[in-house]
1. Using alpha-carbon positions, what is the distance between the centroids of the range 55-83 and the range 283-343, in Å?
2. Normalised by the empirical 2.2 N^0.38 Å for globular proteins, what value does the Cα Rg of the range 262-301 take?
3. Hey, in the GNM for the chain with a 10 angstrom Cα cutoff, which one of Gly158, Gly97, Gly69 fluctuates hardest?
4. Please sort through the DSSP H helices of the chain and keep those with an alpha-carbon extent of at least 20 Å along the long axis and a Kyte-Doolittle average not below -0.5.
5. Under a GNM of the chain (C-alpha, springs under 10 Å), which listed residue has the highest mean-square fluctuation: Ser160, Ser271, Ser119?
6. Let's test the formula: R0 of 41 Å, r as the Cβ-Cβ distance of Ser330 and Asp66. What FRET efficiency results, to the nearest 0.05?
7. Based on other C-beta atoms within 10 Å, arrange His273, His81, His301 from fewest to most.
8. Once you wrap a convex hull around the alpha carbon atoms of the range 1-107, what is its projected area averaged over all directions, in nm²?
Amino acid sequence: MRQTPSLPARYFVRLLDMLRESGVDVSLLLRQARVSRALLERNDGMLPLDQVDRLLAQAAQLSGRDDLGFELGRSLRISSHSVVGYGMLTSSSVDEGLRFLARYFRLITPVLQLRYQRSREQLRLRFTPALPLRHESLMVHLEATLLGVHGIIRELLGGSLPPHRVYLGYPAPPHAARYREIENAQCQFGHSGDAGFLMVFPAAGFARVPALADAIAFRVVESRCASMLQNLVIGDRIADWVRMMLREASEGLPSLKALAQMLNLSTRTLSRHLKREGLVFRELVREIAHEKACRQLAAGHASITQIALDLGYSDVANFARAFRRRSGMSPSRYRRGAPSSEA
């Protein structure tokens with residue numbers, strides 16, 4: 001029997017504290033979101049994914065803010081991440097601390113997957129969505145992670161960030177101007193084909209030894225984290241994750257190979273997971289491509305040719321045939337009869 005994915009409650013407790021300080025009625029928020037206060041107050045409290053979605057939706061509605069993830073991430077410190085944070089602080093170098101973060105990132109949040117790579121010239125941290133979430137909830141997690149990881153690196157480096165680049169796989173949000181607050185970051189929106197983001201730093205300086213480096217303490221913490229990770233069970237909802245990645249892609253639709261690489265799987269293994277859920281990748285692509293086409297046609301901003309190219313079709317004729325098979329009408333007829341997306 002699959003277990004519903006859950007997230008550490010401590011981050012949402014911090015978010016609620018921030019909202020309370022800004023005048024939001026947190027008791028009302030919890031009632032409307034149907035989230036247990038007792039669960040949040042437990043030291044090891046975990047919130048099921050559906051409660052996380054409801055909590056974040058109510059938080060946005062009652063606060064009237066779309067930058068909650070940004071604010072939450074700014075408030076986080078290495079110590080906010082419990083035993084994983086202590087592991088980073090006791091690492092022998094900043095580089096080792098980030099490798100430790102990548103190994104045990106799932107203990108911080110199962111929502112995103114972290115891949116860390118270092119070459120002689122640069123460090124790359126790529127964050128990719130790993131669980132199905134509503135778009136608004138996903139954005140809170142992405143921005144909280146973006147700002148939180150910047151804070152981690154700043155602390156490990158001793159107080160400042162070097163000039164670096166951030167490639168964001170989502171369009172500029174309404175509060176995009178706030179991204180200029182990130183120290184020494186050059187941010188580019190809508191850059192990649194997935195909904196996550198990539199941080200690229202120069203490698204120089206990441207051999208620095210953190211002030212609390214302690215080899216013995218580090219080994220103890222790593223043993224504890226390894227045990228926790230082994231016991232962590234996350235719901236296996238591969239098809240939901242694939243749908244989310246296809247929906248959130250800002251440029252075209254990612255291939256089966258690209259999605260498999262994000263999960264460290266072979267294409268055959270990912271296909272096998274989908275088959276167990278009664279699905280095939282090609283049909284999921286058609287399903288999501290049609291959803292996106294309907295949405296763009298209803299919006300009326302892009303030409304039919306542009307929509308076809310954005311969805312990966314080689315020409316308009318192929319797109320029109322595929323659209324007609326699923327909807328029973330041509331794209332132009334659908335556009336004429338579709339209700340306004342702004343209604």
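1. So the two Cα centres are separated by 36 Å.
2. Numbers: Rg = 13.9 Å, N = 40, 2.2 N^0.38 = 8.9 Å.
For the range 262-301, the normalised Cα radius of gyration comes out at 1.56.
3. Gly158
4. What comes out of the filter, once short or polar helices are dropped, is 49-63, 135-157, 215-231, 281-299.
5. Per the Cα network of the chain with a 10 Å cutoff, Ser119 tops the list.
6. Calculated transfer efficiency: 0.65.
7. His301, His273, His81
8. That works out to 7.9 nm².
Read-outs throughout are calculated quantities, based only on the coordinates presented, and are distinct from any laboratory measurement. As the structure is a prediction and not an experimental result, all values here were calculated from the model. Virtual Cβ from ideal backbone geometry, glycine too; neighbours counted across all protein chains shown.
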